[in-house]
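Data first, discussion second: the structure below is written as structure tokens.
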Amino acid sequence: MNLNRENREEMQEIMANIHIQVMYISREVNQLADCIANLAINQEEKQHYDSFHNLPYRARRILNMDKQHTPTIRIKTKRIKQSPTR
């Protein structure tokens with residue numbers, strides 16, 4: 001989201017008055033929210049999950065891994081450029 005200077009200053013003033021702290025949380029740290037948000041984007045009808053067993057398999061898997069304190073590791077790979085063939 002691109003904010004112009006006036007909007008940014010207005011947001012900072014509002015946040016200062018209501019004591020909000022904005023933090024960046026990566027998808028890896030918040031996998032469950034990312035999973036459910038992606039499901040909501042891809043489905044037309046409203047979904048309601050009121051128990052663990054109603055969650056989709058992927059969401060249940062994320063929760064179980066979190067309960068077991070299984071770390072999530074992000075591996076970034078560098079694409080190797082191939083030299084042009086003659």
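Here are a few things to note about the model shown:
- Across the stretch 44-86, the number of residues qualifying as in a loop (DSSP other than H, G, I, E, B) and either of a type in the set (Gly, Ala, Ser) or loosely packed, with under 11 Cβ neighbours inside 10 Å (or both) comes to 24.
- Subset of the stretch 6-43 (residues that are in a helix (DSSP H, G or I), within 27 Å of Thr72 (Cβ to Cβ) and among the acidic types (Asp, Glu)): Asp34
Read-outs throughout are calculated quantities, based only on the coordinates presented, and are distinct from any laboratory measurement. Remember, it's a predicted structure, so these values are computed and weren't measured experimentally. In this analysis, Cβ positions are derived from the backbone assuming ideal geometry, glycine residues included, and neighbour counts consider all displayed protein chains.
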